[in-house]
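Step one of this worksheet: look at the structure below.
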Amino acid sequence: MTTPTHPAKPALATEPTGERARKPSGVDANLLIVFGVTLFAVLGVSTIAPVLPSVVAEFNLSETQSGLLITAFTLPGVILTPFVGVFGDRLGRKKILVPALLLFGLAGGSCGLTKDFGLLILLRILQGAGASALSTLNTTIIGDLYQGPERARAMGLNASVLSLAVASYPIIGGSLAVFGWNYPFLLPWLAVPMAVAVARFLTAPEPLNGQALTDYLGDAWHEIKKPRMLAVFASSVLIFVVLYGGYLTYLSLYLGRVLGSSPVVIGLLMFVTSVSTALVSSQLGALGRRFGTNTLLAVGFAGYAVGLVVVPLARSVWALAVPLLVFGAAHGLNLPSLQTMLAEEAPLEHRGLMMSLNGMMLRTGQTLGPLVMGLAFGAWGYRGAFWTATLVALAGLALVLVVFTPGRAPAGDNRQA
């Protein structure tokens, strides 16, 4: 394959006048719109989790059948995510994002109006298809809008919004469920005015990729196989193996079955962890300017290890408060740092695809985490599960130290963006 020669190609992007020249000190309108998209990206599961028992009772379901509400929503993302990235690069971000928000809102909101479980599942599939674009294109647009420290700052603030939403949505969903099982399902209707806001007010660089599809895919492969890009993808897998295996699955089990914590106490500890994540990620811009995103990613993996290694040694729930604060802070460093590095490595004309592939790596980690920790638990009990998660975190630390130079990441990419 011929080595790609990007500078020889025609212009690949359009940019609003002065969009890249300015370095906003506050939160501008574009970023507020992206935050709105992020709020919907995590709405589809978090708000309905508390109402699942009510859905089981309403439709006379088994617990297994109730799980279809989650699977129907998440499965389209596994299938469609790569195509979202390709079409976002080829057609433009807004041309994909606006219809995705409309589909998410109309199908998701209609879930609260149906009395037929089969139709409810179909609507959840359609809602999940719309959602598949949201968590990919929101970070892609941040990567398009900003460079260097401002990009890191925007990614950090977006991660803060996401963390606070994940912490708050179960409370909102549970409160709405007091009025009826279907009330949390009505929240997606708010995505319809969000789609209008994106269409009218979002002013972000758009790729105008005139390449043939084969050339586009060839150049994308050239970017994918770079060692730093592969290391970013591998880091994403490791982060979510630790998060979904060590933290979300086996921490809850350990707190409940070993330490005898009530669901309220478990929820409170996880809420505190999410707040720690949000506070740290909101400062990513300042931390990135001082230490560099490479160093922050290394510290984040080390923080995972420190937070998890002591969990099976605790004999009271409150002894875990500090380790979980450390874990939350580590995640506040890791997730936005990784997204920033990915945006810097990927040129504008392939950024949507790279973010989509990273989304696939994320889902791979989400799937592998509980399986890997389950095998460790079966062999060595809770200590085996948490210490295996610690080893995975240390593997991530080693990967960062080997592939990425500790210290400052480049202030911004030198590609056309």
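Right, ALA197: at negative phi, without any contact (Cβ under 8 Å) to a residue 60 or more places away in the chain and among the hydrophobic types (A, V, I, L, M, F, W, C) or not?
When the stated conditions are applied, ALA197 does not pass them.
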With respect to the numbered conditions (1) within 18 Å of the chain's Cα centre (by Cα); (2) of a type in the set (Phe, Trp, Tyr); (3) over 24 Å from ILE171 (Cβ atoms), which one is the sole condition not fulfilled by PHE291? (1)
Residue list for the stretch 65-113, filter: of a type in the set (Lys, Arg) and crowded, with 21+ Cβ neighbours inside 10 Å: ARG93
Taking the condition free of Cβ contacts under 8 Å to residues at least 60 places away in the same chain, farther than 30 Å from LEU269 by Cα and either hydroxyl-bearing (Ser, Thr, Tyr) or in a helix (DSSP H, G or I) (or both), does VAL192 pass? no
Just wondering, is there one or more residues in the stretch 113-123 that are part of a helix (DSSP H, G or I) and farther than 20 Å from VAL56 by Cβ? no
Consider the stretch 48-80. How many of its residues are modelled with pLDDT of 85 or more and either in contact with an Asp or Glu (Cβ under 7 Å, 6 or more places away or on another chain) or polar (S, T, N, Q) (or both)? 1
Flag for LEU394 being touching a residue at least 60 places away in the same chain (Cβ under 8 Å), of a type in the set (A, V, I, L, M, F, W, C) and either buried (at least 17 other Cβ atoms within 10 Å of the Cβ) or under 25 Å from PRO82 (Cβ atoms) (or both): no
Lone unmet requirement of (1) farther than 22 Å from LEU269 by Cα; (2) surrounded by fewer than 23 Cβ atoms within 10 Å (Cβ to Cβ) for TYR169: (1)
Does the stretch 326-339 include one or more residues that are in contact with a helix residue (DSSP H, G or I) (Cβ under 9 Å, 6 or more places away or on another chain), closer than 19 Å to ASP89 by Cβ, buried (at least 24 other Cβ atoms within 10 Å of the Cβ) and not hydrophobic (A, V, I, L, M, F, W, C)? yes
If I ask for residues that are farther than 19 Å from ALA107 by Cβ and of a type outside the set (Ser, Thr, Tyr), which ones from the stretch 59-81 would you list? ASN60, LEU61, GLU63, GLN65, GLY67
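To keep it simple, each residue is scored yes or no on (1) more than 16 Å from the chain's Cα centre (by Cα); (2) of a type in the set (A, V, I, L, M); (3) part of a helix (DSSP H, G or I).
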| position | (1), (2), (3) |
| --- | --- |
| GLN211 | yes, no, no |
| ASP219 | yes, no, yes |
| ARG228 | yes, no, yes |
| ALA231 | yes, yes, yes |
| SER235 | no, no, yes |
| PHE240 | no, no, yes |
Could you check TYR250 against (1) over 30 Å from PHE377 (Cβ atoms); (2) touching a residue at least 24 places away in the same chain (Cβ under 8 Å); (3) more than 20 Å from the chain's Cα centre (by Cα) and say which number it fails? (1)
Considering only the stretch 114-125, how many residues are touching a residue at least 40 places away in the same chain (Cβ under 8 Å) and either surrounded by 19 or more Cβ atoms within 10 Å (Cβ to Cβ) or touching a Phe, Trp or Tyr at 6+ places or on another chain (Cβ under 7 Å) (or both)? 3
Restricting attention to the stretch 147-180, report how many residues are modelled with pLDDT of 90 or more and of a type in the set (Ser, Thr, Tyr). 1
Checking the structure you have, find out if any residue of the stretch 343-351 is of a type in the set (Lys, Arg) and in contact with a strand residue (DSSP E or B) (Cβ under 9 Å, 6 or more places away or on another chain). yes
Checking the conditions here, which among THR273, THR293, THR277 is buried (at least 18 other Cβ atoms within 10 Å of the Cβ) and in contact with an Asp or Glu (Cβ under 9 Å, 6 or more places away or on another chain)? THR293
Where the second residue is part of a helix (DSSP H, G or I) and surrounded by fewer than 20 Cβ atoms within 10 Å (Cβ to Cβ) and the first is charged (D, E, K, R) and lies in the stretch 353-372, which pairs have Cβ atoms under 7 Å and are six or more apart or on separate chains? ARG363/VAL78
Test each condition in (1) in a helix (DSSP H, G or I); (2) in the same structural domain as LEU338 (by TED's automatic domain parsing) for SER261 and report the one that comes out false. (1)
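The values are calculated or read from the model by the stated rules, or taken from the named source; none is laboratory data. Fair warning: this is a prediction, and the values are worked out from it, not measured in the lab. No Cβ is skipped: glycine too gets one built from the backbone with ideal geometry, and neighbour counts run over all protein chains shown.
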